[in-house]
1. Name the residues in the stretch 80-94 that are farther than 17 Å from Thr40 by Cβ and either hydrophobic (A, V, I, L, M, F, W, C) or in contact with a Ser or Thr (Cβ under 8 Å, 6 or more places away or on another chain) (or both), would you?
2. Please work out if Gly81 is farther than 17 Å from Thr35 by Cβ and in contact (Cβ under 8 Å) with a residue 24 or more places away in the chain.
3. If the requirement is being surrounded by 22 or more Cβ atoms within 10 Å (Cβ to Cβ) and in a helix (DSSP H, G or I), which of these qualifies: Arg136, Arg122, Arg158?
4. Taking the stretch 161-187, which residues are among the acidic types (Asp, Glu) and either in a helix (DSSP H, G or I) or crowded, with 20+ Cβ neighbours inside 10 Å (or both)?
5. Checking the condition under 12 Å from the mean Cα position of the chain (by Cα) and either at pLDDT 95 or above or closer than 18 Å to Asn37 by Cα (or both), which residue from Ala106, Ala112 passes?
6. Between residues in the stretch 2-23 that are over 24 Å from His149 (Cβ atoms) and residues that are of a type in the set (Lys, Arg) and at pLDDT below 95, which pairs lie under 8 Å by C-beta distance while being six or more apart or on different chains?
7. What's the number of the condition Ile42 fails, among (1) touching a residue at least 40 places away in the same chain (Cβ under 8 Å); (2) in contact with a helix residue (DSSP H, G or I) (Cβ under 8 Å, 6 or more places away or on another chain); (3) of a type in the set (Val, Ile, Thr)?
8. Here are some residues: Asp107, Asp86. Which one is touching a Cys at 6+ places or on another chain (Cβ under 9 Å), crowded, with 19+ Cβ neighbours inside 10 Å, within 30 Å of Asn167 (Cβ to Cβ) and not β-branched (Val, Ile, Thr)?
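The values are calculated or read from the model by the stated rules, or taken from the named source; none is laboratory data. Just so it is clear, the structure is predicted and the values come from calculations on it, not from any experiment. Positions of Cβ are generated from backbone atoms using ideal geometry, with glycine treated the same way; all protein chains shown enter the neighbour counts.
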Amino acid sequence: MFKLKLPTDPRWANIAENNLGEILTDHAWCEQKATTNAITLITMLPEYPEIITELLQIAKEELEHFQMVHEIIKKRGYEFGRERKDDYVGQLFKFIVQGTRQEYIADRMLFAAMIEARSCERFKVLTENIQDEELREFYKELMISEAGHYATFIKFARQIGDPETVNRRWEEWLEYEGKIIQSYGRKETIHG
């Protein structure tokens, strides 16, 4: 899926299912951060009104996802915990090139695409492996949405940067992510 180098071990879903309150809280904060990321990208792209229009839609969808997860947390009587640090995303952020403005923005798009790709892959693992019927359906819907966001961010990177360079850089992102993800998949967090 998405040419990710290392698929998530399906046993991660068991870790997640054993502490649904924790995975849902972490997931809610991931959606909040995705909303913030889309808004940050908007501020960087005043000369791209069409991209801004699409990013506004992504920001709305991510905020809706945050609200949906928050509603599940409340409905199930879980405590909505404080924001969590996402070490996986932090490691990815360090890989963004600091070149020209155009290169930086294109790489920020690839950064966003990578997070969406891994999140989508994790949602697929949850959909296929947890017993909770409501959450299986919920994560199936989100998986489809995240796949769309992934494709959109890749498209934006190719619009902003040179498509061939972006394609080469995406391969570098896949290699890098494949190395760092080896340290994850052992905690009840979306990327952990």
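1. Phe80, Gly81, Arg84
2. So Gly81 fits the description; yes.
3. Among Arg136, Arg122, Arg158, only Arg122 is surrounded by 22 or more Cβ atoms within 10 Å (Cβ to Cβ) and in a helix (DSSP H, G or I).
4. Passing the criteria: Glu164, Glu171, Glu172, Glu175, Glu177.
5. None of the others qualify; the one that does is Ala112.
6. Close Cβ pairs (under 8 Å, with a partner that is of a type in the set (Lys, Arg) and at pLDDT below 95) amount to Ile15/Arg186; Ile15/Lys187.
7. Of everything listed in (1) touching a residue at least 40 places away in the same chain (Cβ under 8 Å); (2) in contact with a helix residue (DSSP H, G or I) (Cβ under 8 Å, 6 or more places away or on another chain); (3) of a type in the set (Val, Ile, Thr), Ile42 misses just condition (1).
8. Asp86
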